[in-house]
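Everything on this sheet refers to the single structure shown next.
Nothing in this text is a laboratory measurement; each read-out follows from the coordinates by a stated rule. None of these values were measured; they are calculated from a predicted model. Backbone-built Cβ (ideal geometry, glycine too); neighbour counts: all protein chains shown.
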Amino acid sequence: MKKLAVLGSTGSIGTQTLEIVRANPDDFKVTALSANKSVDLLLEQAKEFRPDIVCIYDEKKALENECRFKGISRVVCGMDGLLECAADNDADMVVCALVGMIGVRPVIEAIKAGKNIALANKESLVTAGHIIIPLAKEKNVSILPVDSEHSAIFQSLNGEKRSQVSKLILTASGGPFRGKKRAELQNIKVEDALKHPNWSMGKKITIDSATMVNKGLEILEAAWLFNIDIDDIQVVVQPQSVIHSMVEYVDGAVIAQLGTPDMKLPIQYAMYYPDRVFLAGERLDFYKLGHIEFEKPDTDTFEGISLAVSAGKIGGSMPTVYNAANEYAVARFLNHKSGFLDITETIKDAMSSHKVIDNPDVDTIISVEQEIYERIG
């Protein structure tokens, strides 16, 4: 039986992780759960899965609700609480489904504690990959990608020599505004941006998909995960979201992972790796599918990709600036305080005014994040 600490258990990835646990009660035991403010759902999860410890990140809510968890789970709070959950002695694997840079310290803490990581928090590698990847090697810890694209690449690399990889091909749906030009995006409403054509995801990642910043973040994450140069990562728009990503080898062969757009597959693959087990759900029907389309991404309209490539090539603290400015700008857009196109403009302005810090440590990364928030706030 594998013991899991699930960080971000009330979000999209977290709840789907627990659905897999629910379907396979003999294979998994939940030892820790965490949420930011969704206390009612966290309490339901705690009653069902009986973890030893739960973290309510919001300290005020933790104090107000601690009594509700009495006799069920011990309550901790804040970053210290998250770190305690991440390093939980009983856990074999930490599923990091936290959204944003809040995931950096818990991922590092879990690796230090020798826990394998099922990683859905791409921001950790985007901002601190130069710390996390060497540390994982030192501690002999596996980082198993949960993002559908990185899971697809991971699966397509199985049994092959990494030295014979020519390039990685990340697929993108194109989001809800595929084919539109900048002039058509001037008055986009939040409700429109949240209507992803294929995937059901959290609000922040859905907006990132609409701006294609998500694909930029995935480029930066893939470079660290698979030890490959950014110039050897290509993005292809594949509107049906059937091909989740591909690997091209030096002989010209391309190996792809296909399936329905269902996040449970990459989550479960990471949880059971290297085994595969039955997963209920719709199967890919090629007769119904009929055809698969491919397009070149419009990086003039959707600048998230080109800005990410620039940040990755500059390196140092610049990927943190890219990520932090995006997090801030997306939050403003979701709160109806700025426009859709302001998101990438905010990133661009933050990057242009930042003085790069080489090889930043964790404290510097967090400090840069705060400086960006203060500068653009």
## Note on the structure
Under the helix-only model (-39500 (n - 2.57) for each DSSP H run of 4 or more, divided by the residues of the chain), the mean residue ellipticity at 222 nm, to 500 deg cm²/dmol, is -13500 deg cm²/dmol
### Query
Taking the Cβ of Met79 as the center, what net charge do the other residues with Cβ under 11 Å away carry, scoring Lys and Arg +1 and Asp and Glu -1?
-3
### Query
Rounded to the nearest 20 Debye, what is the dipole magnitude of the chain about its Cα centre when Lys and Arg each give +1 and Asp and Glu each give -1 at the C-beta?
480 debye
### Message
Return the equivalent ellipsoid semi-axes of the range 301-364 as a descending list in whole Å, where each equals the square root of 5 times an eigenvalue of the C-alpha gyration tensor.
### Response
22, 13, 8
## Note on the structure
Applied in sequence order to the range 306-322, the curve 6.51 cos²θ - 1.76 cosθ + 1.60 (Karplus, θ = phi - 60°) yields integer Hz couplings, x standing for Gly and Pro, of 5, 5, 5, 4, 4, 4, x, 6, 5, x, x, 8, 5, x, 5, 4, 4
### Message
Under the rule a/c < 1.5 gives rounded, and otherwise a/b versus b/c splits prolate from oblate, where does the chain land using the Cα gyration tensor?
### Response
rounded
### Summary
the range 2-145: relative contact order from alpha carbon pairs under 8 Å, six or more residues apart, as a whole percent, is 22 percent
### Query
Plugging the Kirkwood radius over Cα pairs into Stokes-Einstein for the range 254-337, at a temperature of 20 °C and a viscosity of 1.002 mPa s, what D comes out in µm²/s?
125 µm²/s
### Query
About the Cα centre of the range 209-262, what is the dipole size in debye to 20, counting +1 per Lys and Arg Cβ and -1 per Asp and Glu Cβ, all else neutral?
220 debye
#### Entry: Signed unit charges on C-beta, dipole axis of the chain, positive-most listed residue Leu125, Ser173, Ser142
Ser173
### Query
Using +1 on the beta carbon of Lys and Arg, -1 on that of Asp and Glu, and nothing else charged, what's the dipole of the range 1-98 about the Cα centre, debye to 20?
180 debye
### Query
For the range 27-88, which semi-axes, largest first and in whole Å, follow from the square roots of 5 times the eigenvalues of its Cα gyration tensor?
16, 14, 9
### Summary
Spelling it out for Lys3: with amide H atoms placed in the peptide plane at 1.01 Å from N, the residues 5 or more places away or on another chain with amide H under 5 Å from its amide H are Lys29, Asp92, Met93
### Query
Which of rounded, prolate, oblate describes the range 218-294, given a ≥ b ≥ c as roots of the alpha-carbon gyration tensor eigenvalues and a/c under 1.5 marking rounded, otherwise prolate only if a/b is larger than b/c?
oblate
### Query
Which cross-chain or sequence-distant (5 or more) residues have an amide H under 5 Å from the amide H of Phe340, H modelled 1.01 Å from N in plane?
Ile188
## Note on the structure
In whole angstrom, the spacing between the Cα centers of the range 140-168 and the range 1-58 equals 27 Å
### Given the chain, longest segment not containing exposed loop chymotrypsin sites (Phe, Trp or Tyr not before Pro) (DSSP; at most 16 other Cβ within 10 Å)
1-198
### Message
5 Å is the cut-off here: which amide hydrogens, built 1.01 Å from N in the peptide plane, fall below it relative to Thr260, excluding neighbours closer than 5 in sequence?
### Response
Leu284
### Task
Putting +1 on Lys and Arg Cβ atoms and -1 on Asp and Glu Cβ atoms, find which of Ile255, Ser310, Leu43 reaches farthest to the positive end of the dipole of the chain.
Leu43
### Task
Determine, at each q value in 0.16, 0.23, 0.35 (inverse angstroms), the log₁₀ of I(q)/I(0) that the Debye formula gives when each Cα of the range 20-62 is one equal point scatterer.
-0.42, -0.76, -1.23
### Message
At 4 °C and a viscosity of 1.567 mPa s, what translational diffusion coefficient does Stokes-Einstein give for the range 154-273, taking Rh as the Kirkwood radius over Cα pairs? Give it in µm²/s as a whole number.
### Response
83 µm²/s
### Task
Grab the eigenvalues of the alpha-carbon gyration tensor for the range 2-145, scale each by 5, take roots, and send me the semi-axes largest first in whole angstrom.
23, 17, 13
### Summary
Relative contact order in percent for the chain (Cα pairs under 8 Å, 6+ apart) equals 15 percent
### Query
In this model, which of Lys189/Lys313; Lys215/Lys337; Lys167/Lys313; Lys180/Lys337; Lys115/Lys348; Lys2/Lys195 are farther than 27 Å apart at the alpha-carbon?
Lys189/Lys313; Lys115/Lys348; Lys2/Lys195
### Query
So how far, in whole Å, is the C-alpha centre of the range 276-307 from the one of the range 329-362?
27 Å
